[in-house]
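Here's the structure we're looking at; comments come further down.
The values are calculated or read from the model by the stated rules, or taken from the named source; none is laboratory data. Computed from a predicted structure; not experimentally measured. Here the Cβ positions follow ideal geometry from the backbone for every residue, glycine too, while neighbour counts run over all protein chains shown.
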Amino acid sequence: MDHFQRQDGELYAEGVALRAIADEVGTPAYVYSRATIERHFRVFDDAWEGQDHLVCYAVKASSNLAILSLLAKLGAGFDIVSIGELERVLRAGGDPAKVVFSGVGKRRDEIRRALEVGILCLNVESRAELEMISEVATSMGKRAPISMRINPDVDAGTHPYISTGLQTNKFGIPWREAREAYRLATALPSIDVMGLDCHIGSQIADAAPVVEALDRLLSLVDALQEEGISIHHLDVGGGLGITYEDETPPTPASYAAALRERLKGRSLRVVLEPGRVIMGNAGVMLTRVELVKHNGDKRFIVVDAAMNDLIRPTLYSAYHRIVPVGVPAEAQDVVDIVGPICESGDFLAQDRELPRLAADDLLAVRSAGAYGFTMASNYNSRPRPPEVLVDGEAVHVIRERESLEDLWRDEKIPWD
Ligand SMILES: *Cc1c(COP(=O)(O)O)cnc(C)c1O
């Protein structure tokens, strides 16, 4: 459930007309709903009530300080993948003791900083990384809490670019090498084995592969216990999908129920790393129609947002619902919604049936709250859009639109 609803035909975010926001901050612009973010987090967190657990929001989905602050206030931990994300979490008031650090290529300085601030756990993706962490920790006179990210070799059944649990992916330690990796972890100096981790992919539409992965991890927990290696927490990763078009992913409650069924009678703490399911449908991107262009039979709606602002359609062939902000026209057309960038891949929708559109119409690209702004770039020297947080009747600009000067702020002409 989200708080983007029509009132008298006009699309609102909570108590504010999206048209009013477009008039105030211009387009393109990202708009998030505070009530929706809070609701999504609570529903996800409540599904685990009665089970020792920690929900670590995946920062890369949407990493604005205001959003991190909001989630920190709700008690969230954070799943980070870089020192940049770690410093954002700290700056936003997040608790380092609730941070897990994922990623296949952590640098020594990143590991050092993570140990310095005392994060909950490093999710380790290779034996080489384990040795590196041991060295860094030893040099600091500290102990490093770790989980091994094990690749359970199950197919999440999702897009190849966001499927991560197969042997052929770069992620994690191969299933067959897992025990050996834990033996190494216990043999190395300055390492504390805390948990076991996996993350099999994103936009998962069915709990079955996650349950299958969990079963594999649980059998590994038991096998390790027999060797005297105790696992305290099980991190099942993120990846729960959302409805972009007509997908019917499990609800957070049924997802939790399916996993909890398997955890009965065990005293493991569960760590979860949701990103998309918290933020995806809590944000829209506003864009304005520049003009309507006819190439023979083909009708292009040229808008002021482009692949640099929202790359998901281009990168993942992702579907985003696109709706008029104003009262939708009766007549329908089949159109491509395209941006002004010099790439054929620069589209937001192709062959889409939409209410008839004209120049100056405002559109809302739905489900843009996750992997939207965080993947935006300055390609074609386009300033990145602002981010706005609506809270009831209040509109907060939580990131200003970049200025033209921002584009070359850090550049130098050597002969000037
Ligand atoms: C991206 C990522 C997540 C979040 O995935 P969502 O699909 O947004 O829930 C969680 N954990 C890891 C390790 C990731 O790389």
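Just a few scattered comments:
- Count - residues of segment 276-301 that are within 16 Å of the ligand (Cβ to nearest atom) and among the basic types (Lys, Arg): 1
- Only residues that are under 20 Å from the mean Cα position of the chain (by Cα) and not β-branched (Val, Ile, Thr) were counted across segment 382-416, and they come to 6.
- Considering (1) in contact with a Ser or Thr (Cβ under 6 Å, 6 or more places away or on another chain); (2) under 13 Å from Asn308 (Cα atoms), the lone condition that Tyr379 does not fulfil carries the number (1).
- Candidates are the residues of segment 116-128 that are surrounded by fewer than 22 Cβ atoms within 10 Å (Cβ to Cβ) and more than 24 Å from Leu70 (Cβ to Cβ); the one that is farthest from the ligand (Cβ to nearest atom) is Glu116.
- Selection status of Ala178, assigned to a helix (DSSP H, G or I), within 16 Å of the ligand (Cβ to nearest atom) and either at pLDDT below 95 or within 25 Å of Val55 (Cα to Cα) (or both): no
- Any pair with Cβ under 6 angstrom, 6 or more apart, that starts in segment 176-204 at a residue that is at positive phi and ends at one that is more than 16 Å from the ligand (Cβ to nearest atom) and part of a helix (DSSP H, G or I): Ser190/Ser134; Ser190/Ala137; Ser190/Thr138
- Only one entry of Glu247, Glu273 meets the criterion of being surrounded by fewer than 16 Cβ atoms within 10 Å (Cβ to Cβ), within 26 Å of the chain's Cα centre (by Cα) and either within 14 Å of the ligand (Cβ to nearest atom) or over 28 Å from Pro28 (Cα atoms) (or both), and that entry is Glu247.
This table checks each residue for (1) closer than 23 Å to Ala35 by Cβ; (2) at pLDDT 95 or above; (3) more than 16 Å from the ligand (Cβ to nearest atom); (4) more than 26 Å from the chain's Cα centre (by Cα).
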{"residue": "Tyr316", "(1), (2), (3), (4)": "no, no, no, no"}
{"residue": "Leu354", "(1), (2), (3), (4)": "no, yes, yes, yes"}
{"residue": "Leu357", "(1), (2), (3), (4)": "no, yes, yes, yes"}
{"residue": "Met375", "(1), (2), (3), (4)": "no, yes, no, no"}
{"residue": "Asn380", "(1), (2), (3), (4)": "no, yes, yes, no"}
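- Any hit, segment 251-269, residues being part of a loop (DSSP other than H, G, I, E, B), over 13 Å from Ser367 (Cβ atoms) and within 14 Å of the ligand (Cβ to nearest atom): no
- All positions within segment 317-342 that are touching a Phe, Trp or Tyr at 6+ places or on another chain (Cβ under 6 Å) and not in a loop (DSSP other than H, G, I, E, B): Asp336, Val338
- Condition met for Lys106 (within 16 Å of the ligand (Cβ to nearest atom), modelled with pLDDT of 95 or more and part of a loop (DSSP other than H, G, I, E, B)): yes
- So Asp333, is it assigned by TED's automatic domain parsing to the domain that holds Pro355, without any contact (Cβ under 8 Å) to a residue 12 or more places away in the chain and away from the ligand (no atom under 16 Å from the Cβ): no
- In summary, Ser102 fulfils each of the numbered conditions (1) surrounded by fewer than 19 Cβ atoms within 10 Å (Cβ to Cβ); (2) out of contact with any helix residue (DSSP H, G or I) (no Cβ under 7 Å at 6 or more places or on another chain) with the single exception of condition (1).
- Of the strands (runs of 3 or more DSSP E) lying entirely inside segment 1-103, not one carries at least 2 residues that are modelled with pLDDT under 95 and touching an Asp or Glu at 6+ places or on another chain (Cβ under 6 Å).
- Being assigned to a strand (DSSP E or B), surrounded by 21 or more Cβ atoms within 10 Å (Cβ to Cβ) and within 16 Å of the ligand (Cβ to nearest atom) is a condition met by at least one residue of segment 137-147.
- Filtering segment 227-244 to residues that are assigned to a loop (DSSP other than H, G, I, E, B), among the aliphatic types (A, V, I, L, M), farther than 12 Å from Val277 by Cα and within 16 Å of the ligand (Cβ to nearest atom) leaves only Val236.
- Pro385 closer than 30 Å to Gly239 by Cβ, crowded, with 19+ Cβ neighbours inside 10 Å, at pLDDT 95 or above and of a type outside the set (A, V, I, L, M): yes
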